[in-house]
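A.B. asks: The following block contains the structure, expressed as structure tokens.
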Amino acid sequence: MITIKVVLDESGLLKSCDILGHAGAGKRGNDIVCAAVSVLARTALSVLSGRKGMIVRGGAPERGIIALETEAPEGAERDFLAAIGTFLVEGLHSVAGEYPENCIMTVTKERRN
């Protein structure tokens with residue numbers, strides 16, 4: 001089972017996303033659920049990390065673990081974070097909805113420090 005925990009800040013911007021586990025929907029290397037979640041999360045992490053002015057921490061230290069954490073940017077970077085965050089959350093929500101026996105997702109809101 002893949003467990004996805006997304007935290008949005010009080011304005012709805014992506015604050016963090018932690019993904020843990022394996023879907024078990026197929027053989028290792030051929031699991032469509034793991035592949036979908038991995039591609040969405042790794043792409044979001046890569047795009048955010050490559051954006052000038054964006055502060056992002058995280059990575060995929062081993063198979064079955066992906067984490068990312070953002071700091072609230074200013075100006076146009078807020079719009080960029082909003083777009084990437086929406087893309088990630090909607091994509092992960094879609095996978096979790098289609099494969100509820102393999103993937104569970106929670107989204108919470110909390111204040112930024």
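A.B. asks: Counting heavy atoms of the protein chains only and a 1.4 Å probe, report the per residue accessible area for the chain as a whole number of Å².
C.D. replies: Working: 6530 Å² over 113 residues.
Using a 1.4 Å probe on heavy atoms only, each residue of the chain averages 58 Å².
A.B. asks: If you line up the long axis of helix 76-98 against the longest principal axis of the chain, both from Cα atoms, how many degrees apart are they, to the nearest 10?
C.D. replies: 20 degrees
A.B. asks: To continue, here is another question. Dividing the convex hull volume of the alpha carbon atoms of the stretch 67-113 by its residue count, what do you get in Å³ per residue?
C.D. replies: On the way: hull volume 3.9 nm³, N = 47.
For the stretch 67-113, the hull spanned by Cα atoms encloses 83 Å³ per residue.
A.B. asks: In µm²/s, what is D for the stretch 1-43 at 25 °C and 0.890 mPa s, where D = kT/(6 pi eta Rh) by Stokes-Einstein and Rh is the Kirkwood radius from Cα pairs?
C.D. replies: Numbers: Rh = 11.4 Å.
For these conditions, the coefficient is 215 µm²/s.
A.B. asks: Using the Kirkwood radius built from alpha carbon pairs, what does the Stokes-Einstein equation give as D for the chain at 25 °C and 0.890 mPa s, in µm² per second? Don't jump to the answer; show the numbers that get you there.
C.D. replies: Details: Rh = 14.1 Å.
Stokes-Einstein gives a translational diffusion coefficient of 173 µm²/s.
A.B. asks: What longest range of the chain stays clear of loop-exposed trypsin sites (Lys or Arg not before Pro) (DSSP non-H/G/I/E/B, at most 16 other C-beta within 10 angstrom)?
C.D. replies: Working: sites that count: K27, R28, R51, K52, R63, R111, R112.
Between the exposed loop sites, the longest stretch runs 64-110.
A.B. asks: Between the stretch 47-63 and the stretch 66-85, what is the separation of their alpha carbon centroids in Å?
C.D. replies: 11 Å
A.B. asks: Between A96, P73, A83, whose Cα lies farthest towards the positive end of the dipole of the stretch 62-109 when Lys and Arg beta carbons carry +1 and Asp and Glu beta carbons carry -1, centred on the Cα centre?
C.D. replies: My answer, from the dipole projection, is A96.
A.B. asks: Sticking with this one: If you place +1 on the Cβ of every Lys and Arg and -1 on the Cβ of every Asp and Glu, how big does the dipole about the Cα centre of the stretch 1-77 come out, in debye to the nearest 20?
C.D. replies: On the way: 9 positive and 9 negative charges, 90 e Å.
The calculated dipole for the stretch 1-77 is roughly 440 debye.
A.B. asks: Still on this model: What part of the accessible area of the chain, given as a whole %, is carbon or sulfur when the probe is 1.4 angstrom?
C.D. replies: Numbers: 3530 of 6530 Å².
Its accessible area is 54 percent carbon and sulfur atoms.
A.B. asks: What do you get for the angle between helix 32-49 and the principal long axis of the chain? Use alpha-carbon atoms, 0 to 90 degrees, nearest ten.
C.D. replies: 20 degrees
The values are calculated or read from the model by the stated rules, or taken from the named source; none is laboratory data. Since the structure is predicted, the reported quantities are computational estimates derived from the model, not experimental observations. Virtual Cβ from ideal backbone geometry, glycine too; neighbours counted across all protein chains shown. The accessibility values were calculated without ligands, DNA or RNA, using every heavy atom of the protein model including side chains. Shrake-Rupley method; radii C 1.70, N 1.55, O 1.52, S 1.80 Å.
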